[in-house]
Amino acid sequence: MGYVIALCIVVLAAFVCTAVVLGRDGGEREARAFTELEPEQQQVLYNTPIEYEDDSHQAWRQKGIVRNVTPRDDDTADVEVMWYNAKPDETTRKKETNIEHIAAKKKDVQAKGVHKGGVVTIRVQPGRGVTVVAA
């Protein structure tokens with residue numbers, strides 16, 4: 001009986017390890033998406049200045065590029081924005097491209113002129129997410 005329990009634990013541990021390894025991509029998705037951008041768009045992301053909102057540096061604004069806008073049935077839309085994380089902080093991810101999925105009201109998306117391939121201004125709040133401020 002003890003062997004059966006031990007075997008079950010080993011099989012379960014192997015399954016969990018496999019799921020964890022297959023679930024990680026190490027930023028490969030973002031890297032692939034970045035290479036799909038035109039060189040001019042890549043430079044927009046790399047050269048975008050970070051504008052801190054105040055001296056605490058807890059939130060800032062910068063440019064991002066809209067990868068996709070998907071309307072939903074409930075008067076909202078999913079906006080997929082790629083941005084370059086260049087916040088100079090050793091404790092957070094540094095100098096990487098990120099892709100953020102943002103839920104927004106359709107009327108706000110239309111009013112701001114948000115569209116696929118467009119450059120937008122985003123507001124980044126670590127731990128709270130990213131929002132589109134302007135197009």
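Taken together, the values in this text are just the output of simple stated rules run on the coordinates, not laboratory data. Only a predicted model underlies this, so the values are computations on that prediction, with no experimental measurement involved. When we count neighbours, we look across all protein chains shown, and the Cβ atoms used for this are built from the backbone with ideal geometry, even at glycine.
Observations, loosely collected:
- Net +/- balance of residues flanking D75 in space, Cβ distance below 13 Å, scoring K and R +1, D and E -1: 0
- Cα-based convex hull, the range 38-134, per residue volume (Å³, whole number): 95 Å³
- Over the range 38-134, relative contact order from alpha-carbon pairs under 8 Å, at least 6 apart, %: 27 percent
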